Amino acid sequence: MTQPLTPPPKKNPEKRTLSPTLPPEARSRAAMGLTAAAAEGRFALQVCGECGATLYPARDACNRCLSVDLRWQDIDPRGELLAETTVRTSTNLYFRERAPWRTGTVRMDAGPVVICHVHGDVGPRARVVLSNRLDRAGQGVLLAMPEAPTPHMEDDPQLRAMTSDPKLRRVLIVDARSENAPAIAAALLQAGAATIFAGEAQSWRPNPQRAALLALGVQLLPLDVTDAGSVRELAGEIGGKVDILINNARFMRPGGVLQRGDTAFAQQEFDVNVLGLMRLAQAFGPAMCARTADGVNSAVAWVNILSAYALVNAPEFGSFAASQAAALSLGQSLRGEFRASGLRVMHVFVGPTEDDWHQPLPPPKVAPAALAADLLRGLQAGLEDVHSGDVAKELAERFRAGPKVLEREMTMGGRS
Amino acid sequence: MSALAELSQALASGAVRVVDLTHTLDPDFPVIVLPPEFGQCAPFRMEEISAYDHRGPAWKWNNFSMGEHTGTHFDAPKHWISGRDLPNGAVDEIDPSVFVGPVVVIDCSEGAAQNDDYELTPDVIAAWEAEHGRIPADAWVLLRSDWSKRSGAAYLNLRDDGPHSPGPTPEAIRLLVEDRGIRGFGTETIGTDAGQGGHYTPPYPAHFTLHGAGKYGLQCLRNLDQLPPTGAVLLAAPLKIKGGTGSPLRVMALIEG
């Protein structure tokens with residue numbers, strides 16, 4: 001049975017903070033398909049287009065028929081634990097620091113026998129569900145989980161090392177004025193977050209979310225992502241205590257290029273949505289990267305809430321969508337820059353949300369509570385990409401199927 | 001002794017003092033809030049270019065950005081639709097002699113302390129003139145409300161029905177502009193108009209009347225409690241922005257004694 005996590009003691013200020021180390025990162029290009037599936041929380045293996053064999057590990061040609069027509073497909077993740085062993089020491093620093101570490105082999109119902117990490121609650125010869133997870137190096141690895149939930153199973157040290165679980169962690173929600181701030185705070189508190197900070201810009205204006213946030217016990221602190229000084233100041237104060245940063249700051253106005261007579265709103269969109277992200281990352285990134293091995297409440301995730309139209313422009317909100325595409329690109333840069341620390345960048349793509357600027361749009365629109373629930377699930381599963389709501393999910397599928405076709409559909413007018 | 005030499009001597013001796021009527025340009029200083037579908041005035045922002053570091057080893061400097069109407073600022077006639085076609089309506093076109101001149105201060109601080117929507121009316125002006133004499137032609141008139149002593153949310157004083165702060169009625173501003181021939185009108189609040197000034201006829205009467213008559217506005221002033229009702233000289237020179245409708249500026253007053 002998993003020992004439930006307890007709140008960590010206050011840090012001993014005489015002790016050096018552990019430097020981050022990573023599990024082995026090298027993969028072949030073929031094997032990266034597992035990582036791509038893990039980033040979205042899917043379990044996928046290669047299936048041979050010629051003979052139909054399900055393959056493991058990933059390879060460039062089918063080991064039965066030598067076909068190179070191998071496609072990543074979602075596969076039934078169930079199986080049975082064949083054998084297991086507990087690694088008590090390792091030449092690899094990452095595992096050495098985290099020993100003991102269970103590994104084993106699982107015979108999948110789909111055929112292959114896989115080598116995987118093993119959750120502490122999996123008994124000998126037990127039925128398991130294989131979970132495809134990103135490890136701290138950001139690569140897809142397989143973890144055998146109990147078939148049915150067990151008490152506190154999310155606190156298993158091997159599992160927690162692969163997730164961004166907010167339990168006992170301290171979270172900064174960047175924009176306390178956003179409609180989604182109270183819902184996100186409530187979801188994280190419900191999931192056991194220790195502290196929620198929320199940044200409030202322009203405290204000289206009434207904040208409609210203020211009462212709801214204070215009622216939840218959220219700590220409101222001044223933060224305006226358009227003001228480099230304000231971002232630096234807050235990072236100076238609490239930068240060492242932020243384990244999860246949720247960038248929900250967003251400026252949007254309707255209109256593409258020609259519908260607007262100027263670049264004023266575009267400047268604000270880029271100032272908040274792109275440069276704001278950059279200012280936040282410059283101020284909070286280094287301290288978070290330095291604290292990814294800091295025990296139970298280590299820094300674990302950087303979350304950007306992005307529009308689903310970051311993937312493809314929608315001219316009705318063309319300028320805003322351009323800023324979202326830029327923010328997505330910047331988030332990819334951060335993945336590269338955070339890589340060595342293991343700090344995970346999670347993007348939550350969301351379609352039209354229930355707010356003032358989407359009011360004239362027909363449903364379905366994503367309500368704050370639904371967005372918060374998807375965001376929380378993403379953190380708990382340790383994902384990199386979350387698609388919140390039907391519109392975002394559908395757009396992502398169409399994008400995968402053919403970006404140019406989608407672009408044409410989005411820009412030809414009269415689209416459904 | 002020449003007038004200027006006398007002035008220099010008086011400044012040196014302290015017989016004439018300089019009072020700073022300007023707020024510090026600070027990212028946190030409120031800007032006017034319009035309905036969000038309208039364009040907005042940019043707040044003051046500053047980004048470092050270098051600070052004796054790899055970006056420039058021996059020097060520190062910043063880029064800053066803001067709107068023409070951010071912080072303590074000057075309104076030119078061109079700011080309002082009523083003054084759009086006037087000659088010399090932009091800050092770079094205004095005769096610089098306008099930027100130095102006499103100033104009178106109407107103290108409404110007591111009334112404003114009782115009533116956030118305190119109105120400067122012709123009666124208030126009449127009472128002031130009964131005590132201090134007729135407002136001289138071509139003088140600046142400043143409305144002292146002590147609003148500059150407020151900070152945070154109390155400054156804009158935004159409620160569900162908009163901001164609440166003191167200002168002139170349409171009749172009062174017409175009296176000042178048409179009968180007294182003032183040079184301009186200044187306030188401690190975010191605008192020359194009352195917070196609820198949009199509900200007068202005409203809406204925003206100070207902006208409409210002042211700028212329609214080629215007069216000037218000053219807002220977000222402070223330290224008006226240090227000025228005498230009459231006898232001070234105002235120095236208020238906006239930046240020379242090509243076609244500018246206003247400008248942040250350093251406003252100072254010279255006072256005797």
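In this structure, does A:P24 turn out to be more than 24 Å from the chain's Cα centre (by Cα), outside any strand (DSSP E or B) and not assigned by TED's automatic domain parsing to the domain that holds A:L379? Walk me through how you get there before you give the answer.
Numbers: more than 24 Å from the chain's Cα centre (by Cα): no; outside any strand (DSSP E or B): yes; not assigned by TED's automatic domain parsing to the domain that holds A:L379: yes.
Judged against the criteria, A:P24 is not a match.
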Worksheet item: Out of (1) of a type in the set (A, V, I, L, M, F, W, C); (2) part of a loop (DSSP other than H, G, I, E, B); (3) out of contact with any helix residue (DSSP H, G or I) (no Cβ under 9 Å at 6 or more places or on another chain), the odd one out for A:L189 is which?
Response: (2)
Fill in: Selection status of B:I49, within 14 Å of chain A (Cβ to nearest Cβ) and hydrophobic (A, V, I, L, M, F, W, C)
yes
Worksheet item: In the range B:52-66, is there at least one residue being within 14 Å of chain A (Cβ to nearest Cβ) and part of a loop (DSSP other than H, G, I, E, B)?
Response: yes
Discussion item. Restricting to the range A:341-369, give me the number of residues that are buried (at least 18 other Cβ atoms within 10 Å of the Cβ) and over 15 Å from A:A308 (Cα atoms).
Written reply: 6
Discussion item. Quick check on the range B:94-109. Is at least one of its residues out of contact with any strand residue (DSSP E or B) (no Cβ under 9 Å at 6 or more places or on another chain), within 14 Å of another protein chain (Cβ to nearest Cβ) and of a type in the set (D, E, K, R)?
Written reply: no
Worksheet item: Within the set of pairs 6 or more residues apart or between chains, which connect a residue that is at the interface with chain A (Cβ under 10 Å from one of its Cβ atoms) and closer than 11 Å to A:Q202 by Cβ inside the range B:23-42 to a residue that is part of a loop (DSSP other than H, G, I, E, B) and of a type in the set (D, E) with Cβ atoms less than 6 Å apart?
Response: B:P27/A:D227
Practice prompt. Find the residue count for the range B:109-148, including only residues that are over 19 Å from B:G195 (Cα atoms), in a strand (DSSP E or B) and touching a Ser or Thr at 6+ places or on another chain (Cβ under 6 Å).
Written response: 0
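For A:L406, state whether it is outside any strand (DSSP E or B), touching a residue at least 60 places away in the same chain (Cβ under 8 Å) and at negative phi. Show your work before the answer.
Values: outside any strand (DSSP E or B): yes; touching a residue at least 60 places away in the same chain (Cβ under 8 Å): yes; at negative phi: yes.
Against the criterion (outside any strand (DSSP E or B), touching a residue at least 60 places away in the same chain (Cβ under 8 Å) and at negative phi), A:L406 qualifies.
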Worksheet, complete the sentence: For the range A:238-263 the number of residues that are more than 26 Å from the chain's Cα centre (by Cα) and within 14 Å of chain B (Cβ to nearest Cβ) is 8
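From the list A:A58, A:A83, exactly one residue is outside any strand (DSSP E or B), in contact with a Gly (Cβ under 8 Å, 6 or more places away or on another chain) and of a type in the set (A, V, I, L, M). Which is it? Show your work before the answer.
Values: A:A83 fails: outside any strand (DSSP E or B).
Among A:A58, A:A83, only A:A58 is outside any strand (DSSP E or B), in contact with a Gly (Cβ under 8 Å, 6 or more places away or on another chain) and of a type in the set (A, V, I, L, M).
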Worksheet entry | Scope the range A:27-53; condition over 30 Å from A:T195 (Cα atoms) and outside any loop (DSSP other than H, G, I, E, B); matching residues | A:M32, A:G33, A:L34, A:T35, A:A36, A:A37, A:A44, A:L45, A:Q46, A:V47, A:C48
Worksheet item: Can you tell me which residues in the range B:164-183 are within 14 Å of chain A (Cβ to nearest Cβ) and buried (at least 23 other Cβ atoms within 10 Å of the Cβ)?
Response: B:S165
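Do we find a residue being within 17 Å of the chain's Cα centre (by Cα) and either hydroxyl-bearing (S, T, Y) or more than 23 Å from B:S97 (Cα to Cα) (or both) anywhere in the range B:122-142? First the steps, then the outcome.
Restricting attention to the range B:122-142, the residues satisfying the condition of being within 17 Å of the chain's Cα centre (by Cα) are B:138-142.
Checking which are either hydroxyl-bearing (S, T, Y) or more than 23 Å from B:S97 (Cα to Cα) (or both) leaves us with none.
Looking for residues that are within 17 Å of the chain's Cα centre (by Cα) and either hydroxyl-bearing (S, T, Y) or more than 23 Å from B:S97 (Cα to Cα) (or both), one finds none in the range B:122-142, hence no.
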Worksheet entry | Filter result for the condition that a residue is closer than 30 Å to A:P157 by Cβ, in the same structural domain as A:Q190 (by TED's automatic domain parsing) and at pLDDT 95 or above, over A:S329, A:S307, A:S298 | A:S298
Discussion item. Between A:A281, A:A290, A:A235, A:A212, which is away from chain B (no Cβ under 14 Å), of a type in the set (G, A, S) and touching a strand residue (DSSP E or B) at 6+ places or on another chain (Cβ under 9 Å)?
Written reply: A:A281
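Just one of A:N304, A:N273, A:N313 is crowded, with 19+ Cβ neighbours inside 10 Å and touching a Phe, Trp or Tyr at 6+ places or on another chain (Cβ under 8 Å); which is it? Please lay out each step first, then the result.
On the way: A:N304 fails: touching a Phe, Trp or Tyr at 6+ places or on another chain (Cβ under 8 Å); A:N313 fails: touching a Phe, Trp or Tyr at 6+ places or on another chain (Cβ under 8 Å).
Going through A:N304, A:N273, A:N313 in turn, the sole match is A:N273.
The values are calculated or read from the model by the stated rules, or taken from the named source; none is laboratory data. On a predicted model such as this, the values are computed, not experimentally measured, just so you know. Quick reminder, even Gly has a Cβ in these numbers, built from the backbone with ideal geometry, and neighbours come from all protein chains shown.
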